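K.L.:
Just dropping this structure here.
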Amino acid sequence: EVQLVESGGGLVQPGRSLKLSCVASGFTFSNYGMNWIRQAPGKGLEWVAYISSGSSYIYYAETVKGRFTISRDNAKNTLYLQMTSLRSEDTALYYCARQILTGSSDYFDYWGQGVMVTVSS
Amino acid sequence: IQMTQSPSLLSASVGDRVTLSCKAGQNINNYLAWYQQKLGEAPKLLIYNANSLQTGIPSRFSGSGSGTDYTLTISSLQPEDVATYFCQQYNSWYTFGAGTKLELK
């Protein structure tokens, strides 16, 4: 059974940093691209960042570019999101999601339960 | 690409045929997925490539559409289908609709 379990969230002051983790199980983690997607309270979903299976390709949403860093450790089956210079608008539930990427498909087939990040003084 | 879902709230009875709409701001070439999110749970993939049913999803769920207009249909609503449904385009990066909340009448 595919499982994605996020951790590392919490309450943090504006301008500070936080690192999220997502531990994967039930599939060969190193074969899949992975993403972070967030959902602000009462808002829709927003894609945040992507990393390819071997970390060769990394992309970010404009709203987090230069502040967030996505990375992975395939030996530990773990995806990370290092968040710096946090702002109140980064307050959200952060999901990790596995990506299916083929010639004609590019979607997220499994999601974790999410971890809450609250940026407030 | 902006994704607009309608209605934002839908009330229906068990056994009803339910139709949810998703409109893209430009042609997305059928690069559309539908997700179901129940309260407190992770989103679940239902449909990809506009009309392909994800493995394990009941056949009462179906997707259709082309160009800018897409539809998720539940042929016979079941109590366990109460959830919020999101569409997502992947023609140009990734954007999601705001969701349709489906409740029982």
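The values are calculated or read from the model by the stated rules, or taken from the named source; none is laboratory data. Because the structure is predicted, anything quoted here is derived from the model rather than measured. Backbone-built Cβ (ideal geometry, glycine too); neighbour counts: all protein chains shown. The area values use the complete protein model at the heavy-atom level, side chains included, leaving out ligands, DNA and RNA. Shrake-Rupley method; radii C 1.70, N 1.55, O 1.52, S 1.80 Å.
K.L.:
Which value in Å is the Kirkwood Rh of the protein assembly as shown over different Cα pairs?
P.N.:
18.0 Å
K.L.:
Out of every Cα pair in segment B:1-85, what percent are spaced more than 15 Å from each other? Mind dumping the intermediate values first?
P.N.:
Numbers: 2034 of 3570 pairs.
For segment B:1-85, the share of Cα pairs beyond 15 Å comes to 57 percent.
K.L.:
In straight Cα distance, which lysines are under 18 Å from B:LYS105, not counting same-chain residues fewer than 8 positions off?
P.N.:
B:LYS38
K.L.:
Quick one: what are the phi-derived ³J(HN,Hα) couplings along segment B:17-34, Karplus 6.51/-1.76/1.60 with θ = phi - 60°, whole Hz, x for glycine and proline?
P.N.:
Values per residue, Gly and Pro as x: 8, 10, 10, 10, 10, 9, 10, 8, x, 7, 4, 10, 6, 6, 7, 9, 10, 10 Hz.
K.L.:
Another question, if that's okay. Which of the lysines could be linked to A:LYS19 by a straight reach, that is with a Cα gap under 26 Å, when you skip same-chain ones fewer than 8 residues away?
P.N.:
Cα-Cα hits under 26 Å: A:LYS43, A:LYS65, A:LYS76, B:LYS44.
K.L.:
Just to be sure I understand: if you take the accessible area of chain A alone plus chain B alone and subtract the pair, with a 1.4 Å probe, what total do you get in Å², rounded to 100? Intermediate results must be reported in sequence, preceding the final value.
P.N.:
Details: alone 6310 and 5610 Å², together 10300 Å².
Interface between A and B: roughly 1600 Å².
K.L.:
Can you list residues from other chains, or at least 5 along the same chain, whose modelled amide H is less than 5 Å from the amide H of B:ASN29?
P.N.:
B:GLY67
K.L.:
State the Kirkwood hydrodynamic radius of chain A in Å, one decimal place, computed from all pairs of distinct Cα atoms.
P.N.:
Values: mean 1/r = 0.0698 Å⁻¹.
That comes to 14.3 Å for chain A.
K.L.:
Follow-up. Roll a 1.4 angstrom probe over the protein heavy atoms and tell me the percent of accessible area of segment A:9-80 that is carbon or sulfur.
P.N.:
Answer for segment A:9-80: carbon and sulfur cover 47 percent of the accessible area.
K.L.:
Sticking with this one: Given a Förster radius of 45 Å and the C-beta distance between B:SER76 and A:SER85 as r, what FRET efficiency does 1/(1 + (r/R0)^6) yield to the nearest 0.05? Walk me through the numbers before you get to the answer.
P.N.:
On the way: r = 50 Å, r/R0 = 1.11.
Calculated value: 0.35.
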